[in-house]
Amino acid sequence: MTGELNEAVVAAQAGDEDAFRFLYRSLQPGLLRYLTALVGADAEDVASEAWLQISRDLPSFTGGEFRAWTVTIARNRAMDHLRRQRRRPSLPVPVQALAELAGDADTAERAGETIGTEAALALIATLPPREAEAVLLRAVIGLDAETAGRVLGRRPGAVRTAAHRGLRRLAALMERHDPTQSQAAPEAAAPPRPRTGRRQASHAEPADG
């Protein structure tokens, strides 16, 4: 994919509209998930602003990781938006969506498998900001720690640590919010033990007769 992206970037810089559409189709889904966790329901508006700037500044792109360049632009637009709004989004987590998450999600690996679902993105938005962005850049956008660190202005090791902590916290949130566990509990419960005393004695009476 990196080779295709690089070829498409060069073609788009030369004015190839099909190449630009390829870039958009390739990167927009990840950018939208990333922005959803940052700005909530305004993600599409912010993404539109980001793509306007991307198309305007594309001729000045001089190489490097194109995904990192685009996500940096998107992040800057998101931060501008949040400064205007003066709030951090709080995404509602629908119970129906949480039912899609696995009930045994007790590891970071399991959390990573469901990172793209609406429910997982809503939970990511509740993580501490540093952890949320590290998880999104690493697991959703697909940047390595060094590149994500450049986007965030942090050291690669700090990004790795934040992403790991975020995934573990996300897995715990998934397990805590999973409604299937409470529903399955009565079915999995052991059958009641027979009472001792009077009821057992009544079963024993025929043997005495």
Read phi for every residue in segment 17-29 and hand back ³J(HN,Hα) as whole Hz from Karplus 6.51 cos²θ - 1.76 cosθ + 1.60, θ = phi - 60°, with x for Gly and Pro. 5, 4, 5, 5, 5, 4, 4, 4, 5, 6, 9, 4, x
Computed over segment 1-67, protein heavy atoms only, probe 1.4 angstrom, the accessible area per residue in square angstrom equals 53 Å²
For a bin width of 5 Å, list the pair-distance distribution of segment 22-71 built from all Cα-Cα distances, rounded to whole %. 5, 20, 32, 25, 13, 5, 1
What is the sum of charges around F20, taking Lys and Arg as +1, Asp and Glu as -1, for the other residues whose C-beta is under 14 Å from the C-beta of F20? -3
Determine ³J(HN,Hα), in whole Hz, for all residues of segment 51-68 in sequence, where each value follows from phi through the Karplus function 6.51 cos²θ - 1.76 cosθ + 1.60 and θ = phi - 60°; x replaces Gly and Pro. 5, 4, 5, 4, 5, 6, 9, 3, x, 8, 5, 10, x, x, 7, 5, 4, 5
Which length gain, in nm to one decimal place, applies between T126 and N6 when the Cα-Cα distance is subtracted from 0.36 nm times their residue separation? 39.8 nm
Of all the accessible heavy-atom surface of segment 1-62, with the other protein chains kept in place and a 1.4 Å probe, what percent is carbon and sulfur? 51 percent
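The values are calculated or read from the model by the stated rules, or taken from the named source; none is laboratory data. Here the structure is a predicted model, which is why all the values come from computation and not from measurement. Note: ideal-geometry Cβ built from the backbone for every residue, glycine included; neighbour counts use all protein chains shown. Calculation scope for accessible area: heavy atoms of the full protein, side chains included, ligands and nucleic acids excluded. Shrake-Rupley method; radii C 1.70, N 1.55, O 1.52, S 1.80 Å.
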